[in-house]
Structure formats: structure tokens, C-alpha cells
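Here's the structure, in C-alpha cells; my notes come after.
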Amino acid sequence: MPDQSSQKVTSPSEADRGRLDDQRAVVEKYLADDSSRAKYKTAAGKLGTIRAILDGNVFNPNQTYELQCLGIVLGDAFALEFGLEWVTVEDEHGRDPAMRLPGTSIILFPLTMISKRIERGEKVDVFDLFNGVAAEVESARQPPG
């Protein structure tokens with residue numbers, strides 16, 4: 001288990017936000033028309049876009065950057081649905097975008113949620129993945145006892 005005390009969690013810098021936008025653009029170029037773009041503004045629309053890209057085998061398992069771009073869009077769906085916020089986590093390995101449940105120390109790393117599974121040869125059902133994380137977030141929101 002990583003030593004979280006060596007992690008520094010901050011708001012994304014302007015450069016970090018620019019990288020997130022660049023990664024979103026990789027996915028958004030697959031939105032075919034105005035209807036797709038309108039649906040994409042919702043969490044379900046983002047998940048549907050990810051699912052269509054995965055089902056179409058648009059990216060190969062070795063296209064880590066592109067698969068991680070799908071993870072950024074997954075994070076955006078978490079933000080829309082659960083109010084998670086983008087943060088930057090810095091440790092001895094570098095800086096990565098992450099999602100935080102506001103007011104808690106709960107951190108998710110959607111960047112690699114899809115890519116790591118695809119690289120391991122797993123089939124990813126993005127709705128199952130989303131719902132699994134949703135259950136964890138809701139559980140974390142419940143007061144103990």
C-alpha cells in the first residue's frame with residue numbers, strides 16, 4: 001500500500017487543466033454529430049461514448065495514452081454524477097490527475113481505470129465500472145455507525 005503521507009494533493013494548475021482538455025479532445029473527436037455532442041454533456045452520454053469506443057475497438061491495448069484519455073472522460077462523468085473534483089496528486093513517481101470526494105481524503109485515479117484493465121486483456125464494461133465506483137463513493141459518504 002502506498003504511503004499517502006508522501007503524496008501532495010493540490011488543485012490542478014493551468015498546465016494540468018490544459019492536459020486534461022487535450023485528453024478530452026482525443027475522445028471528443030469521435031462525437032459524430034450535434035446529437036452526440038449534446039448527449040456527451042451528461043454522465044450517461046460520456047459513458048455511452050466510452051462504451052462505443054471500446055466496443056468498436058478503436059484503440060489497441062498498447063495505445064495507453066488514448067485509453068487514458070477515456071479515463072479522463074470517465075472522471076468527468078464521476079464529477080457530473082457525484083460532485084467529485086479534479087485534483088493533482090504528486091508523489092515520487094510524478095504528477096497525475098485524480099478525483100477527490102470533497103471534504104474527504106478519498107482519491108480516485110480514473111486516468112488508469114480503463115487502460116490498466118484493457119492492457120491486462122480484460123473486457124471493460126464502463127457502466128459496470130462506473131456503478132462499482134458509485135457504490136464505493138456512496139458508501140464513503142455514509143456516516144460511520
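Name the residue, out of Gln68, Gln63, that is modelled with pLDDT of 95 or more, open to solvent by 30 Å² or more (accessible area, probe 1.4 Å) and within 12 Å of Leu20 (Cβ to Cβ).
Details: Gln63 fails: within 12 Å of Leu20 (Cβ to Cβ).
Selected residue: Gln68, the only one of Gln68, Gln63 that is modelled with pLDDT of 95 or more, open to solvent by 30 Å² or more (accessible area, probe 1.4 Å) and within 12 Å of Leu20 (Cβ to Cβ).
Just give me the residues in segment 124-137 being out of contact with any helix residue (DSSP H, G or I) (no Cβ under 8 Å at 6 or more places or on another chain) and open to solvent by 70 Å² or more (accessible area, probe 1.4 Å), in sequence order. Show your work before the answer.
Filtering segment 124-137 for residues out of contact with any helix residue (DSSP H, G or I) (no Cβ under 8 Å at 6 or more places or on another chain) gives 128, 131-132, 135-136.
Residues satisfying the conditions are Asp128, Asn131, Glu136.
Just checking, does segment 10-24 include any residue being small (Gly, Ala, Ser), touching a residue at least 12 places away in the same chain (Cβ under 8 Å) and open to solvent by 90 Å² or more (accessible area, probe 1.4 Å)? Walk me through how you get there before you give the answer.
First, pick out the residues of segment 10-24 that are small (Gly, Ala, Ser): 11, 13, 15, 18.
Right, trim to touching a residue at least 12 places away in the same chain (Cβ under 8 Å) and you get 11, 13.
Now narrow it down to the ones that are open to solvent by 90 Å² or more (accessible area, probe 1.4 Å): 11.
So far as segment 10-24 goes, yes, one or more of its residues are small (Gly, Ala, Ser), touching a residue at least 12 places away in the same chain (Cβ under 8 Å) and open to solvent by 90 Å² or more (accessible area, probe 1.4 Å).
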Given (1) open to solvent by less than 50 Å² (accessible area, probe 1.4 Å); (2) closer than 18 Å to Arg17 by Cα; (3) touching a Lys or Arg at 6+ places or on another chain (Cβ under 8 Å); (4) of a type in the set (A, V, I, L, M, F, W, C), number of the condition Phe78 does not satisfy: (3)
Residues (under 26 Å from Asn57 (Cβ atoms) and among the polar types (S, T, N, Q)) located in segment 72-127: Thr112, Ser115
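Which residue, of Val124, Val89, is within 19 Å of Ser13 (Cα to Cα), outside any helix (DSSP H, G or I) and more than 12 Å from the chain's Cα centre (by Cα)? Can you show your working first?
Values: Val124 fails: within 19 Å of Ser13 (Cα to Cα).
Result of the check over Val124, Val89: Val89.
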Which numbered condition Gly103 fails, given (1) surrounded by fewer than 16 Cβ atoms within 10 Å (Cβ to Cβ); (2) closer than 24 Å to Asn131 by Cα; (3) modelled with pLDDT of 95 or more: (3)
Qualifying residue in segment 44-56 (condition: open to solvent by 70 Å² or more (accessible area, probe 1.4 Å), assigned to a loop (DSSP other than H, G, I, E, B), over 16 Å from Arg19 (Cβ atoms) and free of Cβ contacts under 8 Å to residues at least 40 places away in the same chain): no
Residue ID - least open to solvent (accessible area, probe 1.4 Å), chosen from residues in segment 81-100 that are without any contact (Cβ under 8 Å) to a residue 40 or more places away in the chain and closer than 18 Å to Arg24 by Cβ: Met99
Verdict on Val27 being within 21 Å of Ile118 (Cβ to Cβ), touching a Pro at 6+ places or on another chain (Cβ under 9 Å) and part of a helix (DSSP H, G or I): no
Single residue of Arg37, Arg24, Arg19 found to be under 21 Å from Phe130 (Cβ atoms), among the basic types (Lys, Arg) and out of contact with any Leu (no Cβ under 7 Å at 6 or more places or on another chain): Arg24
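The values are calculated or read from the model by the stated rules, or taken from the named source; none is laboratory data. Keep in mind that this is a model prediction, so the values were computed, not measured. Reconstructed Cβ throughout: ideal geometry from the backbone, glycine too, with neighbour counts over all protein chains shown. These accessible areas exclude ligands, DNA and RNA; they are computed on the full protein's heavy atoms, side chains included. Shrake-Rupley method; radii C 1.70, N 1.55, O 1.52, S 1.80 Å.
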